[in-house]
Amino acid sequence: MARDVAVRTADRERLTRSLPLARSQSRYPESVHWNPCGLAGGDAGIALMCSYVDRCLPGEGWDALGHDFLAQGVSALESGRSTCPGLFAGLSGFAFALEALSRHGDRYQNALAAVDELLAPQVSELATRLDAAEHGSPVSTFDVVSGASGVAAYLLRRDSPGVLPDLLTALVRLAEPSLGVPRWATPPELLPSDSQRRVYPTGQLNCGLAHGIPGPLATLSLALRSGQEVPGQREAVDTLAQSLLSLRVEGPWGVGWPDAAPLTAAGRPGLAGASGVTRDAWCYGTPGVARSLWLAGEALADDDLRHAATEAMTGTLRRSAALHPLISPTYCHGVAGLLQIVLRFTHDAPSETLVAASTVLVDELLTAYEPQRPFGYASREAADVAVDRAGLLDGAAGVAMTLLAAATRTEPDWDRIFLLS
């Protein structure tokens, strides 16, 4: 099934035909686009999928297909497109795909050097901007999707520009308070929409792995584990982990994390009345937060953090699916992302609950397969809104990669882009 979905998503003609269809299906047509350099929804993401399929199913031509998709990104860069540094839609993500297709060898070295040359000044500017944010910052400066945490996910594999220490130093400073308010807080004027400003009139602390402080926590922890350390990094990992633990809310099945904690007028976290019922996804909710805490526990050799992470994850998996349905099979806020987190926990701290959950989630993905759809899987915005998307983050490619991770023993090192390993 994973092979079938991969074949469909790597079909250029099918991709071209599906884009206007997806725009007509979606409630948010402005979000449906294709970026030649993009990992989330673009050629770079399909190239990354091809590199993993090639390792799982060698000899089927996936490496050559991946090369063709990379060529589209190179052409876009040569024409001046995709000049942002972000991981999911920018230079660092395209470089991640290049590095994966290179098989950590001599291939694509000229292209990687060219991208790194473009990336270096942008990363330095990002680090400077983040370091200067004394009174809070927009999450896009430090998150995994657009900000410093995601860029570092690439640089931890290849810091040819030599700018990773500056980025880590800026992330470490997020753990410092500023005028009594956490430096990673988002004041109301920096929230991305009017609707968020209405919900959080005095600002918020974002708790999601996709856009919140679990991203910097995971990145700093992964850096420690790989031997990349700057002054204050261990203390910052501990401080950020304890901050996250302080934002837990109790529910009938254990602890959970809200999407965000509101700030009070005095700049303190306000959790009064918050519910323990949260999303159970990669982007927001307990699974992503638990994984970041696990990585922090590994980096610090802290059994308490590891225990808190596994207890939170186990409680999540014991909940009835009827209470917390994930309606989409896809990665970001769907079943595939939850499955990949469960697979990582099962590898690191196996238990009967985790093993059983992985089986249930795989069965759920197999049941969601719809062969009549262009890519075999659709992204579901609601129970009655299905959008035929091919991309890695919100489309069928991410489902195919996760199914292969469950079905083979081939290390899914691509999930570094989601800060899971």
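The values are calculated or read from the model by the stated rules, or taken from the named source; none is laboratory data. Treat the numbers as computed from the prediction; the structure is a model and nothing was measured. Don't worry about glycine lacking a Cβ; one is built from the backbone with ideal geometry, like all the others, and counts go over all protein chains shown. Ligands, DNA and RNA are excluded from the accessible area calculation, which covers all protein heavy atoms including side chains. Shrake-Rupley method; radii C 1.70, N 1.55, O 1.52, S 1.80 Å.
Quick look at the values:
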| quantity | calculated |
| --- | --- |
| Those residues of the range 104-123 which are touching a residue at least 12 places away in the same chain (Cβ under 8 Å) and farther than 16 Å from GLU78 by Cα, in sequence order | ALA120, GLN122, VAL123 |
| Qualifying helices (runs of 4 or more DSSP H) (wholly inside the range 282-382; at least 3 residues being within 26 Å of ASP4 (Cβ to Cβ) and free of Cβ contacts under 8 Å to residues at least 60 places away in the same chain) | 335-348, 352-368 |
| Single unsatisfied condition, GLY73 versus (1) open to solvent by less than 30 Å² (accessible area, probe 1.4 Å); (2) at pLDDT 95 or above; (3) assigned to a helix (DSSP H, G or I); (4) of a type outside the set (A, V, I, L, M, F, W, C) | (2) |
| Residue match in the range 390-398 (condition: part of a loop (DSSP other than H, G, I, E, B), touching a helix residue (DSSP H, G or I) at 6+ places or on another chain (Cβ under 6 Å) and among the acidic types (Asp, Glu)) | no |
| Lone unmet requirement of (1) at pLDDT 90 or above; (2) hydroxyl-bearing (Ser, Thr, Tyr); (3) in a loop (DSSP other than H, G, I, E, B) for THR128 | (3) |
| Which listed residue, of ALA133, ALA120, is surrounded by fewer than 22 Cβ atoms within 10 Å (Cβ to Cβ), of a type in the set (A, V, I, L, M) and in a loop (DSSP other than H, G, I, E, B) | ALA133 |
| Residue in the range 137-146 that is surrounded by the fewest Cβ atoms within 10 Å (Cβ to Cβ), counting only those that are in contact with a helix residue (DSSP H, G or I) (Cβ under 6 Å, 6 or more places away or on another chain) and outside any helix (DSSP H, G or I) | PRO138 |
| Scope the range 326-342; condition within 19 Å of THR314 (Cα to Cα) and in contact with a Cys (Cβ under 6 Å, 6 or more places away or on another chain); matching residues | HIS333 |
| Of all residues in the range 163-186 being at pLDDT below 90 and surrounded by fewer than 19 Cβ atoms within 10 Å (Cβ to Cβ), the one that is nearest to the chain's Cα centre (by Cα) | GLU176 |
| Residues being among the polar types (S, T, N, Q) and at pLDDT 95 or above - total across the range 287-321 | 2 |
| Single residue of CYS84, CYS56, CYS37 found to be open to solvent by less than 50 Å² (accessible area, probe 1.4 Å), of a type in the set (A, V, I, L, M, F, W, C) and out of contact with any Phe, Trp or Tyr (no Cβ under 6 Å at 6 or more places or on another chain) | CYS56 |
| Which numbered condition ASN110 misses (of (1) open to solvent by 30 Å² or more (accessible area, probe 1.4 Å); (2) assigned to a loop (DSSP other than H, G, I, E, B)) | (2) |
